[in-house]
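Written out below as structure tokens is the structure these notes cover.
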Amino acid sequence: MDCTQNKKKCQSLTEKLRKIFNKKKKESSEDEKATKGTNERIQMITEHILANSSHRPKIGIICGSGLGGLADLLAKAEILPYDQIPGFPRSTVVGHAGRLLFGELSSVPVVIMQGRFHAYEGYSMEMTTLPVRVMKLLGVQSLVVTNAAGAINDNFRVGDIMVIKDHINLPGLSGQHPLIGPNNDQFGPRFFSTTDMYLQEYRDIAKTVSRSLELSCEVHEGVYVMQTGPSYETVAELKMMELLGADAVGMSTVPETLVAHHCGMKVFAFSLVTNITIKQYNMGLTVNHEEVIAAANRQTYDLKNFTTKMILEISKTID
């Protein structure tokens, strides 16, 4: 009787293990298909772009809210609207033109994203960063990322520039990291360090550039904290961010810089301070997107000068 019972238990256990194994095998197969599908999409987009542009840039630029005016300085410009690139996401935010531009900035070949993608638009973190991997396949070696941000640091003023030396990835800490899921070995390793992802060399160049230009704003260095939006931060959230050591807050940039770093790109990022965050109750103040765009537009001259000079200096560091 005992032998029969043991045999039945063994058979039952074997059946359970078989089901678990088959489930894992199926999940692994689905993961492989998803990764393959993503790679094929990235490859398709890359091939379309290469067929429709004569430029082969080594520097990529992602423009934040209201910061797309840099495209006006491009020579020999070739414009590819996002909606004409098969498989490419669409930008839905006011202040983001939704165009990929190729051309020369101070005689340096560049590709500019005039409009980015955000999680609050409904895109997955993976999709918001898809263009970065496309840039990698296009041959981009250095990525410059800009954003509009709210000042948490009391020493910052609207119109100032903050060079990002580090970030706090709140979505990533809560499970919304752009590299969650099967690792795409084509682009980088499963685990990687982010200690010095905002390159010290480029940050030093930014200090030199800011001193050489007659900017109407201050240029700081600080820590950027990302939250997903679309709502702006509560007073309690801002107090927490301040305690964590953040100097400015925004709704983008971190997913893109993480994926760029994972791809082996050199990263430089900066924020334009477009509003002062409200860290006290009952102030009778609000923050809105129109205010952010207006502040960015007022600093167009300084931003163009600063970014153009940075691109020229970064180009000298690329083989």
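A few notes on this one:
- Search result, residues across the stretch 163-178 that are free of Cβ contacts under 8 Å to residues at least 12 places away in the same chain and closer than 17 Å to Met127 by Cα: Gly175
- Pick from the stretch 213-228, criterion hydroxyl-bearing (Ser, Thr, Tyr) and modelled with pLDDT of 95 or more, ranking: farthest from Thr257 (Cα to Cα): Thr228
- Scan of the stretch 147-161 for residues that are among the acidic types (Asp, Glu) and under 22 Å from the mean Cα position of the chain (by Cα), ordered by number: Asp160
- Consider the stretch 133-171 and keep the residues that are closer than 26 Å to Ser193 by Cβ and among the basic types (Lys, Arg). The one that is surrounded by the fewest Cβ atoms within 10 Å (Cβ to Cβ) is Lys165.
Yes or no, residue by residue, for (1) modelled with pLDDT under 95; (2) in contact with a Gly (Cβ under 8 Å, 6 or more places away or on another chain); (3) surrounded by fewer than 21 Cβ atoms within 10 Å (Cβ to Cβ):
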{"residue": "Ser252", "(1), (2), (3)": "no, yes, no"}
{"residue": "Glu256", "(1), (2), (3)": "no, no, no"}
{"residue": "Phe268", "(1), (2), (3)": "no, no, no"}
{"residue": "Ser271", "(1), (2), (3)": "no, yes, no"}
{"residue": "Asn288", "(1), (2), (3)": "yes, no, yes"}
{"residue": "Glu291", "(1), (2), (3)": "yes, no, yes"}
{"residue": "Ala295", "(1), (2), (3)": "yes, yes, yes"}
{"residue": "Thr300", "(1), (2), (3)": "yes, yes, yes"}
{"residue": "Leu303", "(1), (2), (3)": "yes, yes, no"}
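- Candidates Gly175, Gly115, Gly159 - the one that is modelled with pLDDT under 95, farther than 27 Å from Pro57 by Cβ and touching a strand residue (DSSP E or B) at 6+ places or on another chain (Cβ under 9 Å): Gly159
Yes or no, residue by residue, for (1) modelled with pLDDT under 65; (2) surrounded by 15 or more Cβ atoms within 10 Å (Cβ to Cβ):
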site: Lys7; (1), (2): yes, no
site: Gln11; (1), (2): no, no
site: Ser28; (1), (2): yes, no
site: Asp31; (1), (2): yes, no
site: Lys58; (1), (2): no, yes
site: Ile62; (1), (2): no, yes
site: Ala75; (1), (2): no, no
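- Flag for Ser53 being surrounded by fewer than 21 Cβ atoms within 10 Å (Cβ to Cβ), over 20 Å from Asn305 (Cβ atoms) and hydroxyl-bearing (Ser, Thr, Tyr): yes
- Subset of the stretch 77-114 that is surrounded by fewer than 22 Cβ atoms within 10 Å (Cβ to Cβ) and among the β-branched types (Val, Ile, Thr) - its residue that is nearest to Lys304 (Cα to Cα): Val108
- The C-beta contact set for the stretch 50-61 (first residue under 9 Å from Gln141 (Cβ atoms), second residue exposed (fewer than 14 other Cβ atoms within 10 Å of the Cβ), distance under 8 angstrom, 6+ apart or interchain) comprises Lys58/Ile318; Ile59/Ile318.
The values are calculated or read from the model by the stated rules, or taken from the named source; none is laboratory data. In this text, all values refer to a predicted model and were calculated from it rather than measured experimentally. Here Cβ is always computed from backbone atoms with ideal geometry, including for glycine, and neighbour counts include all displayed protein chains.
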